[in-house]
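Asker: Sharing a structure, written as structure tokens. Questions coming.
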Amino acid sequence: MPLRTVAEINEKIDRGQVTVWTVAELKQRVGEWGIRRCAETVDVVTTGTYEPMEASAAVLNIGQTDPPLKIRQAWLDGVPAYAGFGAADLMIGASQPTEAEDQERGGGHVIEALVDGRAVALRAVGYQTDCYPRASLETTLTRETVNQFYLYNPRNLYQNFIVGVNGGERTLYTYLGPLLPQLGNAVYASPGALAPLMNDPDLTWVGIGTRIFLGGGEGYIAWEGTQHFPLQKRLENRTPVGPAATVALIGDARSMGRPWVRGCYFKHYGPSLMLGVGVPFPVVDETVIAACAVRDEEVVAPVMDFAIPRRVRPSFGLVTYAQLKSGRITVDGRPVRTAPLASLHLSLKVAETLRDWIAAGRFRLTEPVAALPRDRTFLAQDVVG
Amino acid sequence: MKKRVTLTFPRQVVQMPVTYRLAKDFNVAANIIRAQVAPNQVGKLVVELSGDIDQLEAALDWLGQQGIEIGLTSREITIDEESCVHCGLCTGVCPTQALTLDKHTWLLNFARSRCIVCEQCIPTCPVVAISTQF
């Protein structure tokens, strides 16, 4: 039975009468209050995550120079940027390593510096033509001196992920950080039941055009993410048993700031970007509350052995996020220490910040303009011939 | 037993093959954690010495006789609160659970008294928030 529409929620936001809870607050109270009473009371539930999302990038239009320049190659603080668009357009990827030696930096750090308002050195080589005569450009850029600066992230907000362990004999340096030999540690990367898309397992309340918290500013869901895999096996509560749905996100980077956008580096793996992303769910009916009530005891992830460097790695089976967050799981009959890679502290803070924005009337909800695909298969690249 | 020490070498002792003498004369294994040695300069070595307790003591006495200054407390691990994002990745590699996450706030806790300065957390931190200096 419908309780309220998104338009009615926005009217409440405008009048300052909206009731917003974070998903953590909801999970805590729903046991006592029951789904029905929560659904009648709460208009919006906010979710958040803060984790490395290497499939992130910034788009810059630097503003044309005089005489004009058609950029063929460019580096921002020594990190190569892609210039195969318009003459003054650049894209810098979070996981692009620097070309400077002995530096553990990359695109993620350049994006962080620009977001923070720090100056970044640009070196650009031009493709001289009759309309673009300039041969090169060296200057410094800040977010205030470039014409446009926004994030466009092809894959963020993984709906669940894996747990990495190492059954081998030497330390492995992975995108989950160092994995110690002989099952020395286990690393999980999703905040579990707090993860935004774990609370909307079938992508019912989010879609293309959904306004979100992105890096401390406002952003939008732009498209399905790369490797979007909604057909992943699911539990009875519809949450996936491994990596599943993903989304592409977009947002004005000038509205973003610390600590929500941070460059990071994984030893012997490479650079990445830690990003805070928050998604609000309009409580249009009781099913929203029922889905958001899912607990860490009820969501699982597969434990994968990184000692086998293949696309499909052997699994030690499923563990719950409650076990992962307890600090210890059992793998192959042995106790193994767990550590998160997502910041659970900042994940909670994202949801709280978004809650406060909505309650203060500075963030309104949107209805999706189109649904995200729910039945997309995954095609792997199997080399033929 | 194991003992972690910081050795400061006067300039004239830098030429001496100290770890070789420790192994040969005292059967003490010296695992070098950090080193800063150059010809004709004061050198520093952080080593974890392991061996029989009496031989360890004898080795330390001998080091003292060579004019090598022995510091039992090496530098401490420092966490930059401004930089730390509380991801907790370091808690999985910390052998003594000096680094833990608070189960309610999920903030990183550092119990300095439990830290053995193994420094495994330093390269693990993705945002370079953990450091130690000579």
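Asker: Given B:Thr132, B:Thr100, B:Thr78, which one is β-branched (Val, Ile, Thr) and surrounded by fewer than 15 Cβ atoms within 10 Å (Cβ to Cβ)? Give the steps one after another, and end with the answer.
Answerer: Numbers: B:Thr132 fails: surrounded by fewer than 15 Cβ atoms within 10 Å (Cβ to Cβ); B:Thr100 fails: surrounded by fewer than 15 Cβ atoms within 10 Å (Cβ to Cβ).
After applying the criteria, what remains is B:Thr78.
Asker: Let me ask something else. Report, by residue number, each residue of segment B:103-119 that is more than 9 Å from chain A (Cβ to nearest Cβ) and either out of contact with any Ser or Thr (no Cβ under 6 Å at 6 or more places or on another chain) or at pLDDT below 95 (or both). Steps first, answer last, please.
Answerer: In the first step, residues of segment B:103-119 are kept if they are more than 9 Å from chain A (Cβ to nearest Cβ); the result is B:104, B:109-119.
Result: B:His104, B:Phe110, B:Ala111, B:Arg112, B:Ser113, B:Arg114, B:Cys115, B:Ile116, B:Val117, B:Cys118, B:Glu119.
Asker: Tell me yes or no: at least one residue of segment A:140-156 is open to solvent by 40 Å² or more (accessible area, probe 1.4 Å), out of contact with any Gly (no Cβ under 9 Å at 6 or more places or on another chain) and modelled with pLDDT under 95.
Answerer: no
Asker: Sticking with this structure for a sec: Of the numbered conditions (1) open to solvent by less than 10 Å² (accessible area, probe 1.4 Å); (2) without any contact (Cβ under 8 Å) to a residue 60 or more places away in the chain, A:Ala244 satisfies every one except a single condition; which is it?
Answerer: A:Ala244 satisfies every listed condition except (2).
Asker: Failed condition for A:Ala290, given (1) assigned to a strand (DSSP E or B); (2) away from chain B (no Cβ under 14 Å); (3) surrounded by fewer than 19 Cβ atoms within 10 Å (Cβ to Cβ), with all others met?
Answerer: So A:Ala290 meets the others, but not (1).
Asker: In segment A:257-286, which residue that is out of contact with any Asp or Glu (no Cβ under 7 Å at 6 or more places or on another chain) and closer than 20 Å to A:Gln28 by Cβ is surrounded by the fewest Cβ atoms within 10 Å (Cβ to Cβ)?
Answerer: A:Glu286
Asker: May I pose another question? Are any residues in segment A:190-221 assigned to a loop (DSSP other than H, G, I, E, B) and open to solvent by 10 Å² or more (accessible area, probe 1.4 Å), and if so, which ones?
Answerer: Selection gives A:Pro201, A:Asp202, A:Thr204, A:Trp205, A:Gly209, A:Gly216.
Asker: Output the residue which, of all residues in segment A:323-375 that are in a loop (DSSP other than H, G, I, E, B) and among the small types (Gly, Ala, Ser), is nearest to the other protein chains (Cβ to nearest Cβ).
Answerer: Ranking the candidates gives A:Ser343 first.
Asker: Now, a different point. With respect to A:Thr320, determine if the residue is open to solvent by 70 Å² or more (accessible area, probe 1.4 Å) and among the hydroxyl-bearing types (Ser, Thr, Tyr).
Answerer: no
Asker: I need the full set of residues from segment B:1-48 which are of a type in the set (Val, Ile, Thr), open to solvent by 60 Å² or more (accessible area, probe 1.4 Å) and in a loop (DSSP other than H, G, I, E, B), in order please. Let's see the steps before the verdict.
Answerer: To start, the set of residues in segment B:1-48 that are of a type in the set (Val, Ile, Thr) comprises B:5-6, B:8, B:13-14, B:18-19, B:28, B:32-33, B:37, B:42, B:46-47.
Adding the requirement that they be open to solvent by 60 Å² or more (accessible area, probe 1.4 Å) leaves B:32, B:37, B:42.
Listed by number, the residues that qualify are B:Val37, B:Val42.
Asker: Still on this structure, I have one more. I'm told B:Val127 meets every condition in (1) in a loop (DSSP other than H, G, I, E, B); (2) over 26 Å from A:Leu179 (Cα atoms) except one. Can you identify the failing condition by its number?
Answerer: (2)
Asker: I would also like to ask the following. Which of the following residues is surrounded by 13 or more Cβ atoms within 10 Å (Cβ to Cβ), within 25 Å of B:Phe9 (Cα to Cα) and not acidic (Asp, Glu): B:Gly51, B:Gly64, B:Gly88?
Answerer: One residue alone meets the criteria, B:Gly51.
Asker: Right, next: For residues in segment B:57-102 being part of a helix (DSSP H, G or I) and at the interface with another protein chain (Cβ under 8 Å from one of its Cβ atoms), which is nearest to A:Arg328 (Cα to Cα)?
Answerer: It comes out as B:Gly92.
Asker: Among all residue pairs at least 6 apart or on different chains, which show Cβ distances below 7 Å where the first residue, located in segment A:23-38, is open to solvent by 70 Å² or more (accessible area, probe 1.4 Å) and the second is in a helix (DSSP H, G or I)?
Answerer: A:Arg29/A:Cys38; A:Arg36/A:Glu286
Asker: Among B:Asp61, B:Asp25, which is in contact with a helix residue (DSSP H, G or I) (Cβ under 9 Å, 6 or more places away or on another chain), acidic (Asp, Glu) and over 18 Å from B:Ser113 (Cα atoms)?
Answerer: Within the list B:Asp61, B:Asp25, the selection yields B:Asp25.
Asker: Applying the selection to segment A:39-54, what residues are more than 20 Å from A:His345 (Cβ to Cβ) and open to solvent by less than 20 Å² (accessible area, probe 1.4 Å)?
Answerer: A:Ala39, A:Val42, A:Asp43, A:Val44
Asker: Right, here's the next one. Is it the case that segment A:235-251 has a residue that's within 14 Å of chain B (Cβ to nearest Cβ) and not in a loop (DSSP other than H, G, I, E, B)?
Answerer: No.
Asker: Considering only strands (runs of 3 or more DSSP E) fully contained in segment A:1-81, which possess at least 3 residues that are among the hydrophobic types (A, V, I, L, M, F, W, C) and away from chain B (no Cβ under 14 Å)?
Answerer: The qualifying strands (runs of 3 or more DSSP E) are A:57-61, A:71-76.
Asker: Still on this structure, I have one more. In segment A:224-241, what residues are open to solvent by 30 Å² or more (accessible area, probe 1.4 Å) and at negative phi?
Answerer: Correct list: A:Glu224, A:Thr226, A:Phe229, A:Leu231, A:Gln232, A:Lys233, A:Arg234, A:Leu235, A:Glu236, A:Asn237.
Asker: Taking the condition of being farther than 24 Å from A:Pro196 by Cα and more than 14 Å from chain B (Cβ to nearest Cβ), how many residues in segment A:293-316 meet it?
Answerer: 11
The values are calculated or read from the model by the stated rules, or taken from the named source; none is laboratory data. As the structure is a prediction and not an experimental result, all values here were calculated from the model. Positions of Cβ are backbone-derived with ideal geometry, glycine not excepted, and every protein chain shown enters the neighbour counts. Accessible surface areas use protein heavy atoms only, side chains included; no ligands, DNA or RNA. Shrake-Rupley method; radii C 1.70, N 1.55, O 1.52, S 1.80 Å.
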